[in-house]
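One structure below.
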Amino acid sequence: MTSAPHVDDALVPRLAADLRGAGFRPARIEALLGPLATGALDREQTLPALRVARRAGEDPLAVLVRLFLCGDEVTRAEVDAALPGVRADGALRLGLVDAAGSGRGDAVRAVVDLAPVTYESPDGAAGEWFVASDLGEATTGAALRPDHVLGVGGASTTLARATIRTPRRRALDLGTGCGIQALYAATHSDEVVATDVSERALAFARFNAALAGVDLDLRLGSMLEPVADGGFDLVVSNPPFVITPRTRPSAAQPSAGLPLYEYRDGGRAGDDLVRDLVTDVGSVLAPGGVAQLLGNWEHRRGEPWQDRVGAWLDRAGLDAWVVQREVLDPAEYAETWLRDGGATADRDAEGWAGAYGAWLDDFAARDVEAVGFGMLVLRRPSGDSGVTLRRLEERTAPLRRPLGEHLASSLAAHDWLEAHDDAAVLATRLAVAPDITEERHLRPGADDPMLVLLRQGGGFGRTVRAGTGLAGLVGACDGELAVGRLVGALASLLDVGAAELGAELLPQVRDLVRDGFLVPVEPA
């Protein structure tokens, strides 16, 4: 196994204390760098941050920003001052840095990226983890190595924010990488198992868990192979779902052999890896257990993506909610993942063209017109209820925080609706959720609105167009009167039959309960 940080039981706690002592946390770093340099660093552009940090001189936080976030060269003396508990020698023994020599003025460079991540536990306590991963292309100036261990990026942050954080007995982080999802799972789970096919990834995860003071059960292996014991209440996974051509170099395309990266390429054709994970993950879920995954799926000519993914769900036999967040055409998809691996047309025009062409040929061979990206929430039915949830939708608006709480509430609302027929709903008192606002559009001088929109501030930020009857009902849902009584009052006001109005409004009311606009105040 090539280089990765390793755990030293004496040094790791001292390193964590040094990093906290230097103020190596996101808020302090942003205060040091300012919004411009912080924003650039978030986009993996290091120069603005480097300029600011260098001007700050020997300030310990500035030295750590230069060393670990910008890939800059600092001196042994600066490292000794910034990390007084471990000093440069300790950082060397932990595998975090390289040094040109043993003198105080000799150069030291980071060999890993070490970044602070702010987290909040389910009980509201906030803190920081320090997460080590491989240096990125922006820092090294070179293409990524095949066994690159990715840090905390946009996809992993999305998954972390979407994960339902209810207490769990046993959780699994499948394809853990640097271990960030496992750390989050440990905040609300009695036991956390984390797997990866990469030995280097597990080494990083082991180091990060030790730095956070968290115990993880780390297992080497592909997909579900290391966890045949199953019984998980929660499975989270940002798997290696990227659809990468399996093309080999040829005389016609000498550069078409694409590098495979362990963190993103699962080694299977098309979207087979995501398909197999969806169809098989139920085997390791406990009854009532939930799996939350990110993934890609192909849009093939003549086959709606809902039919393709729906066929996987049929085989899985799980409750399922699939949300497509983004769609890229084959060219956009190829460009995205070529750049992700550090490839550019300026650096290697022939290699770029060969790889780009291989991607386009691979998609064309399967009549792929686009690729969807999104999240899946899968749940193993408990008891004899069988599958009751099958929802596939497209939501491209920005996600609202905290999404995990919204997903948990939506699942609970689905279960409530399954247990309550229309008569029971009519007998229930409902209240408008606190994040819902109403928007009315009127012509100047008019008394009645032309359009009423109900807007959701959290979750998926949904907007519902409400007719006169629905707007009136929602406006009256203050938890005091049952739905049936409100329908009767509205029917008299609108001069229509109560049964007719109820038949019109009840499906819409169910949708509003399902999506979190209305909340039951008491059971029927």
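Since every read-out is calculated from the coordinates, none of them should be taken as a lab result. All of these numbers come straight from a predicted model, not from anything done at the bench. Counting neighbours? That spans all protein chains shown, and the Cβs are built from the backbone with ideal geometry, glycine included.
Each residue of the range 386-391 is assigned a 3J(HN,Hα), and the resulting list reads x, 6, 10, 10, 9, 9 Hz, derived from the Karplus form 6.51 cos²θ - 1.76 cosθ + 1.60 (θ = phi - 60°), x at Gly and Pro.
The protection proxy used here, the mean number of other Cβ atoms lying within 10 Å of each residue, ranks peptides 500-510, 114-124 as follows, highest first: 500-510, 114-124.
Once the Cβ-Cβ distance of Leu442 and Ala499 is raised to the sixth power relative to R0 = 30 Å, the FRET efficiency obtained is 0.45.
Per residue, the average separation of C-alpha pairs within less than 8 Å and at least 6 apart gives the chain a relative contact order of 10 percent. With a cut-off of 13 Å between beta carbons, the residues surrounding Val290 carry a summed charge of +3, where Lys and Arg count +1 and Asp and Glu -1.
Annotation: the residues Val152, Val309, sorted from fewest to most other C-beta atoms within 10 Å of their own C-beta, follow the order Val152, Val309. With the cut-off at 1.5 for a/c, could you classify the range 12-161 from its C-alpha gyration tensor as rounded, prolate or oblate? Here the range 12-161 falls in the rounded category. Per-residue extension of 0.36 nm, minus the Cα-Cα distance of Asp435 and Ser382, leaves a gain of 16.0 nm for this segment. What separates the Cα centres of the range 273-288 and the range 394-408 is a distance of 23 Å.
In whole angstrom, note down how far apart the Cα centers of the range 308-358 and the range 2-40 are. Using only Cα atoms to place each centre, the spacing works out to 33 Å.
Calculated FRET efficiency, Val7 to Arg465, Cβ-Cβ distance, R0 = 35 Å: about 0.05 to the nearest 0.05.
Using a Förster radius of 22 Å, what is the FRET efficiency between Ala353 and Ala269 based on their Cβ-Cβ separation? Nearest 0.05, please.
Calculated value: 0.45.
By the gyration tensor of its Cα atoms, with a ≥ b ≥ c the square roots of the eigenvalues, what is the shape of the range 415-520: rounded for a/c under 1.5, prolate for a/b over b/c, or oblate? It comes out oblate by the Cα gyration axes. Label sites at Ser222 and Thr118, each approximated as a point 7 angstrom past Cα along Cα to Cβ, lie 4.1 nm apart. For the range 440-460 versus the range 217-241, the inter-centroid distance based on Cα atoms is 47 Å.
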